[in-house]
Amino acid sequence: MNILVINCGSSSAKFQLFDIDTGKVLAKGNAERIGIGNSKLTYKPDGGEAVVIEQDMPDHKVAVKMILDALVNAEYGVIASVDEITAVGHRVLHAGKYYSESVIVNDDVKRVIRECFPLGPLHNPANLIGIEACESVLPAGTPQVAVFDTAFHQTMPPKAFMYALPYEYYEKYDIRRYGFHGTSHRYVSKRTAEFLGKDPKDLKIITCHLGNGSSFAAVDGGKCVDTSMGLTPLAGICMGTRTGDIDPAIVPFIMQKEGLTPEEMDTLLNKKSGVMGISGVSSDFRDLAKAAGEGNERAQLALDMFAYQGKKIIGSFAAAMGGVDVIVFTAGIGENTDTMRAAMTDDLEFLGVKVDPELNMGLRGKEAVISTADSKVTVCVIPTNEELAIAQETEALVR
Ligand code: AMP
């Protein structure tokens with residue numbers, strides 16, 4: 001069974017075609033600059049050379065059509081006809097309070113995605129455009145599945161998801177913690193239990209998704225009970241360019257001092273802050289490590305802040321669950337950076353966490369346990385694969 005996974009941004013459409021029975025990626029790529037000129041499609045068949053097609057893509061419908069044409073192309077295509085695509089799984093940012101699982105798209109699902117535009121103004125409109133583009137271009141009746149970034153976190157209890165604002169704002173605007181990277185937290189926590197040969201029901205797991213955007217989830221018995229991101233992906237630990245949690249009073253303070261509009265303040269918090277804002281060097285942790293190694297104190301401070309804030313979240317989630325059995329690292333930084341894994345778990349022996357420096361050192365992108373044999377808490381690395389997770393959830397729904 002072939003499943004096409006699509007992740008639409010406002011001017012882009014990333015895709016992967018999976019043969020789900022083998023888990024193999026048949027082809028993948030990215031349509032860029034949709035609707036803004038100089039558009040191009042980069043397409044890479046498994047085992048073949050990447051093909052770049054520069055052609056105008058005025059909208060997502062044209063982009064999806066070009067992706068399908070590439071997949072069936074006589075020279076570099078990987079399937080004979082689009083009929084061989086059984087279903088399409090779409091990454092969708094926000095399902096608000098409505099869905100805690102992935103769903104087959106119908107008019108009601110589209111209405112929910114639309115209703116959540118105010119909660120995900122950059123992503124949800126693009127995600128819906130991607131769904132509608134596929135509907136109009138693929139053979140009638142091809143199922144479309146929406147896989148939501150927020151869904152996994154819907155099991156949080158009210159004491160974890162409510163903000164202490166006047167209650168009317170929850171009622172009027174649905175302001176509450178939603179959490180993101182849910183597909184990754186679900187996949188990684190499930191995979192961790194499998195990898196350790198345990199039943200997820202018996203485990204208290206803290207998943208640490210550390211990438212350009214970073215978030216943590218407390219997963220008790222397979223269910224998310226708390227997460228670090230909030231109403232938006234700005235909350236939690238400081239990130240590449242996002243502040244993470246700060247004293248909310250700082251926002252009106254800076255706006256008044258600098259005469260900033262709400263939009264300008266939003267840009268400052270989301271695009272100019274985080275480890276980039278602190279270091280002045282880069283949002284990329286490889287650049288930060290290099291600069292810190294060369295004596296750049298602000299780069300070192302940014303790395304120290306990231307590790308310290310992450311450690312505080314791990315400690316608070318252990319407290320929230322009344323203990324922790326497994327801490328798992330994933331995503332670009334979590335999978336590849338031994339120094340950050342070591343720093344974030346340093347001095348946690350009081351919690352029963354002991355990382356083995358030798359098992360940790362140099363480990364990149366591989367499933368592995370990195371804690372010592374006598375560590376009460378198992379610490380491991382499990383690479384995330386959000387696209388495969390979307391394909392698997394899509395398959396489960398259409399089978
Ligand atoms: P992601 O958002 O999951 O793609 O993660 C992006 C972050 O992961 C960037 O800050 C990168 O610096 C970091 N990263 C990715 N690959 C590596 C690597 N091989 N070594 C160290 N850091 C990496």
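The values are calculated or read from the model by the stated rules, or taken from the named source; none is laboratory data. What you are looking at is a predicted structure, and each value in this text was computed from that prediction instead of being measured. Please note: Cβ atoms are built from the backbone with ideal geometry, for glycine as well, and neighbour counts cover all protein chains shown.
Miscellaneous remarks
- Verdict on L210 being of a type in the set (A, V, I, L, M) and either closer than 24 Å to V281 by Cα or surrounded by fewer than 17 Cβ atoms within 10 Å (Cβ to Cβ) (or both): yes
- Complete set of residues in region 279-302 that are within 14 Å of the ligand (Cβ to nearest atom), among the hydrophobic types (A, V, I, L, M, F, W, C) and not in a loop (DSSP other than H, G, I, E, B): F285, L288, A289, A291, A292, A299, A302
Yes/no matrix, rows are residues, columns are (1) more than 13 Å from the ligand (Cβ to nearest atom); (2) touching a Cys at 6+ places or on another chain (Cβ under 8 Å):
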site	(1), (2)
V328	yes, yes
N336	no, no
T339	no, no
F350	yes, no
V398	yes, no
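- If you check A160, A151 for being surrounded by fewer than 21 Cβ atoms within 10 Å (Cβ to Cβ), under 16 Å from M229 (Cα atoms) and modelled with pLDDT of 95 or more, only one passes: A160.
- Contacts under 9 angstrom Cβ, first residue in region 262-276 being among the charged types (D, E, K, R), partner not in a helix (DSSP H, G or I), 6 or more apart: D266/L234; K271/T241; K271/R242; K272/T241
- Out of V398, V379, sole residue that is closer than 18 Å to V188 by Cα and among the hydrophobic types (A, V, I, L, M, F, W, C): V379
- Output for region 201-236, where each listed residue is away from the ligand (no atom under 16 Å from the Cβ), of a type outside the set (G, A, S) and touching a Lys or Arg at 6+ places or on another chain (Cβ under 6 Å): D220
- Residue that is closer than 18 Å to I333 by Cβ and within 23 Å of the chain's Cα centre (by Cα), where the choices are K271, K312, K290: K312
- Residues satisfying the stated conditions in region 165-185, i.e. within 16 Å of the ligand (Cβ to nearest atom) and not aromatic (F, W, Y): H181, G182, T183, S184, H185
- The set of residues from region 109-129 being out of contact with any Lys or Arg (no Cβ under 9 Å at 6 or more places or on another chain) and either charged (D, E, K, R) or in a helix (DSSP H, G or I) (or both) comprises V109, K110, R111, V112, I113, R114, E115, A126.
- For region 178-192, a tally of residues being in contact (Cβ under 8 Å) with a residue 40 or more places away in the chain, farther than 13 Å from S215 by Cα and not β-branched (V, I, T) returns 3.
- Elements of the type strands (runs of 3 or more DSSP E) sitting completely within region 1-94 and holding at least 2 residues that are of a type in the set (S, T, N, Q) and closer than 22 Å to P139 by Cα: these cover 2-8.
- Filter result for F306 (among the aromatic types (F, W, Y), touching a residue at least 60 places away in the same chain (Cβ under 8 Å), within 16 Å of the ligand (Cβ to nearest atom) and on the phi < 0 side of the Ramachandran plot): yes
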